[in-house]
Amino acid sequence: MNIFRLAGDMTHLFSVLVLLLKIHTIKSCAGISLKTQELYALVFTTRYLDIFTDFISLYNTVMKLIFLGSSFSIVWYIRRHKIVRRSYDKDQDTFRHYFLVIPCLVLAVFINHKFTFKEVMWTFSLYLEAVAILPQLVLLQRTRNIDNLTGQYVFLLGAYRALYILNWIYRHFTEPHYVHWITWIAGVVQTLLYADFFYYYFQSWKNNEKLQLPA
Amino acid sequence: GGTTLKHDEL
């Protein structure tokens, strides 16, 4: 474990807790894409298949349970909670899951470190995580404005992956056998996807105005 | 190669 990865995990944890707290507190999911949240629940499910077979550390297992629990709770709130679900804008949140799931699955079958079910699922989760934010970014562009909590949520998600990139660079130099080029490429693609959002987020923060994403 | 396929990251 290094400081970059710990900071990345804490930022990631904070982002999902901020979102869960927002939905739980104000009983609203306005501006939140259910599609993205469902994709994240799928990312964690396919990535943590080894949660009960490979014990890494208490920290690792606890964090996996928190990410699984929080992502499924968020999906439950938006789908099932009698008050929250009323604020879900299903007419605007129309991104098709399978446009992302199927290409990631095909790619994982052909490009992976080892052709086993768990390894292909793990690789699939990496590719899917890189693009899972797209329905949320599309929704933000459609609804033009975003409330600052959603902006912070997306910002923290991007920041966590950027910290992970620093972690991979650090591990590349400190651990001789640490080679995970698939992780690195997926992680860089993911962070680049956030880059334009970062740009507009900083612009709005600097000019102290509501965040407007270009159509 | 020597790549450890143990995924120790979240």
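Just so it is clear, none of the values below were taken in a lab; they were calculated from the coordinates. All of these numbers come straight from a predicted model, not from anything done at the bench. Methodologically, a virtual Cβ is constructed for each residue, glycine included, from the backbone with ideal geometry; neighbour enumeration extends over all protein chains shown.
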Problem set entry | chain A: relative contact order as a whole-number percent, Cα under 8 Å and 6+ apart | 31
Problem set entry | Global form of region A:44-138, assessed from the alpha-carbon gyration tensor, a/c cut-off 1.5 | oblate
Problem set entry | A:Asp91/A:Lys206 FRET efficiency (R0 45 Å; Cβ-Cβ; nearest 0.05) | 0.85
For this session: For n ≥ 4 DSSP H runs only, could you compute -39500 (n - 2.57) per run for the protein assembly as shown, divide by its residues and tell me the 222 nm figure to the nearest 500?
Result: -23000 deg cm²/dmol
Exercise. How high is the FRET efficiency between A:Thr174 and A:Trp76 when r is their beta carbon distance and R₀ equals 45 Å, given to the nearest 0.05?
Worked result: 0.65
Exercise. Region A:1-54: Rg/Rh from Cα coordinates, Kirkwood Rh?
Worked result: 1.06
Exercise. Fully extended, how many nm does the chain gain between A:Leu49 and A:Ile111 (0.36 nm per residue separation, minus their Cα-Cα distance)?
Worked result: 20.4 nm
Problem set entry | Fewest-first ranking of A:Thr183, A:Thr94, using other Cβ atoms within 10 Å as the exposure measure | A:Thr94, A:Thr183
For this session: Just need the relative contact order of region A:58-173 here, percent rounded to a whole number, with Cα pairs under 8 Å and 6+ apart.
Result: 19
Seminar exercise, completed: Expressed in angstrom and ordered largest first, the alpha-carbon extents of chain A along the principal axes are 47, 38, 33
Exercise. For the pair A:Ile83 and A:Thr25, how long in nm is the line joining their label points, each one 7 Å along Cα→Cβ?
Worked result: 1.4
